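Here's the structure we're looking at; comments come further down.
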Amino acid sequence: MKKLVLFAALVMITTAGFSQTAAANTATKSDVAVPVFDTQNFDFGKIKQGVPATHEFTFTNKSKVPMVIATVSASCGCTTPDWSKDPIPPGGQGFVKATYNAAGVGAFDKSVTVMANVESGVVVLRIHGEVAP
């Protein structure tokens, strides 16, 4: 009997949690920003070990609402992100910068995740290349 009550409570909590998530994700397309990036994938090619490499991804906000970047996170500690902190107005340009520290020799493929008021909630940018001694 205790297991049945526990199971029923778990089902109700899960259902309530998913229904709130679904309601939060029902924003209309006019409520979200539409960033158009020059590129979402950048190849550094071969870079020298110990010399940090930076690429700045630029984008234009093609929507009718300001784009607000909440945060940007890198897939590892070897990559440091920077980004436009102020809202990007409609038609305005913004940036996301990724700096790879190039400490280790070999190929690398890293992602930078941009969390913003876009349709999916995130934009994933990638940098890759090879560090040579």
Inset, instruction - Report, by residue number, each residue of region 82-110 that is assigned to a strand (DSSP E or B) and buried (at least 16 other Cβ atoms within 10 Å of the Cβ). - result: Trp83, Ile88, Gly94, Val96, Lys97, Ala98, Thr99, Tyr100, Phe108, Lys110
Inset, instruction - May I ask you to verify whether Gly45 is on the phi > 0 side of the Ramachandran plot and modelled with pLDDT of 95 or more? - result: yes
Legend entry - Total residues in region 101-133, condition under 16 Å from the mean Cα position of the chain (by Cα) and of a type in the set (Phe, Trp, Tyr): 0
Inset, instruction - Please state which of the following conditions Val124 fails to meet, knowing it meets all the rest: (1) assigned to a loop (DSSP other than H, G, I, E, B); (2) exposed (fewer than 14 other Cβ atoms within 10 Å of the Cβ). - result: (1)
Inset, instruction - State the number of residues belonging to region 111-121 that are closer than 15 Å to Phe59 by Cβ and outside any loop (DSSP other than H, G, I, E, B). - result: 6
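The values are calculated or read from the model by the stated rules, or taken from the named source; none is laboratory data. Model, not experiment: these values are computed from the prediction. Positions of Cβ are generated from backbone atoms using ideal geometry, with glycine treated the same way; all protein chains shown enter the neighbour counts.
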